[in-house]
Amino acid sequence: MPPEWIALDVGAAGLAGWAMRGRDVLDRRNAQGLALTAEAIVGFLEPWVTSDPVRVVACGPLGPLGATVPSKPLATGLVKIDLGDTRVDFAAVPGLRRAAPAGLMQGDETRVAGFLQRNPNWDGVICLIGAETQWVHVSAGEVVSFQTFLSGGILSALGKGTVLARWLVQAEPDRSVFAEAVEDAMAKPERIMARLAEAHAAGMLDSLAAEEVSARVFGAVIGAELAAARPYWLGQQVAVMGEGALPELYQSALERQGLPVALADYAHMTLAGLIAARDA
């Protein structure tokens, strides 16, 4: 059965798609490591495409930017994009922008919309974790403001191109060491670069386990971010969403600050937001 429409999440690491009939999922597929070109996107959609044009509703870094916050996350409707294939009627959710300090959000506005669809009348802060971390203050159904941090990208780079790589490959951070490192970084965020070097040196000189070294690294980066993002989360209820192990690390770090923290399902919120964008 061909889909009535396709929901598509275009991420920095790859694509996630859902073949849809109304609000029901017919099929789902993912692909990692693709070049995010029009040809690659059409190729990814090929198993669901027939000779008749199919509507695709997509979110991610696709170009169009919409409203400046404060605004509703789906305030400006969809923007059509020509992928060069008449079988694909492609429309993108515009991102949000912030004037000062400059900021942009492309993809996470859809997850915020999905979260608000599932949690109406929710006020607080949503922390969306990926290559970038978005701290999003939400009130009365609007994105009031947001702040972006490059923590996930930095951790990824540290794990590939520095002396810390040997400690970060498949090493689950020790949670007690991680908690101590977070507290240290929040107290002295200016020491983060020194703490990263010290973590490597301690691993070499003191024969620390990789779990302890990785905990120091993750704790330093996340703790410094929490210190800078304190105006967002202090005294708020927080929802955390993302993929992989990072969301649980953020959750544990925030709960140690006495905050009520809920984990939200990243994929479910993305799909709920894309459905809301199509319906709107």
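D82 meets each of the listed conditions (1) open to solvent by 20 Å² or more (accessible area, probe 1.4 Å); (2) of a type in the set (D, E); (3) in contact with a Pro (Cβ under 7 Å, 6 or more places away or on another chain) apart from (3).
Those strands (runs of 3 or more DSSP E) of the stretch 104-164 in which at least 3 residues are within 23 Å of P231 (Cβ to Cβ) and open to solvent by 10 Å² or more (accessible area, probe 1.4 Å), considering only elements entirely within it, cover 142-149. Do we find that P47 is touching an Asp or Glu at 6+ places or on another chain (Cβ under 9 Å) and not in a strand (DSSP E or B) in this structure? Against the criterion (touching an Asp or Glu at 6+ places or on another chain (Cβ under 9 Å) and not in a strand (DSSP E or B)), P47 qualifies.
Listed here are the residues, each with its yes/no results for (1) of a type in the set (K, R); (2) crowded, with 18+ Cβ neighbours inside 10 Å; (3) at positive phi; (4) without any contact (Cβ under 8 Å) to a residue 12 or more places away in the chain.
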| residue | (1), (2), (3), (4) |
| --- | --- |
| F178 | no, yes, no, no |
| A181 | no, yes, no, no |
| M186 | no, yes, no, no |
| P189 | no, no, no, no |
| A194 | no, no, no, yes |
| A199 | no, yes, no, no |
| A209 | no, no, no, no |
| V213 | no, yes, no, no |
| R216 | yes, yes, no, no |
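In the stretch 225-249, the residues that are assigned to a loop (DSSP other than H, G, I, E, B) reach residues that are buried (at least 16 other Cβ atoms within 10 Å of the Cβ) with C-beta atoms within less than 6 angstrom, at least six apart or across chains, in these pairs: A229/W135; Q236/G124; Q236/V125; Q237/G124; E243/Y266.
The set of residues from the stretch 12-49 being within 19 Å of R278 (Cβ to Cβ) and either buried (at least 16 other Cβ atoms within 10 Å of the Cβ) or hydroxyl-bearing (S, T, Y) (or both) comprises L15, A16, G17, W18, A19, M20, I41, F44, L45, W48, V49. Scanning the stretch 51-74 for residues that are assigned to a loop (DSSP other than H, G, I, E, B) and open to solvent by less than 60 Å² (accessible area, probe 1.4 Å), we see that the one that is farthest from V10 (Cα to Cα) is V69.
If the condition is being touching a Leu at 6+ places or on another chain (Cβ under 7 Å) and closer than 25 Å to E132 by Cβ, then the stretch 201-230 contributes S214, V217, F218, A220, V221, I222. Can you say whether S151 is free of Cβ contacts under 8 Å to residues at least 12 places away in the same chain and among the polar types (S, T, N, Q), as far as the supplied structure shows? No. Screening A245 against (1) modelled with pLDDT of 95 or more; (2) farther than 12 Å from V125 by Cβ leaves a single unmet condition, (1).
The values are calculated or read from the model by the stated rules, or taken from the named source; none is laboratory data. Not measured: the values here are computed from a predicted model. Don't worry about glycine lacking a Cβ; one is built from the backbone with ideal geometry, like all the others, and counts go over all protein chains shown. The protein model used for the area step is the full one, side chains on, heavy atoms only, and it has no ligands, DNA or RNA in it. Shrake-Rupley method; radii C 1.70, N 1.55, O 1.52, S 1.80 Å.
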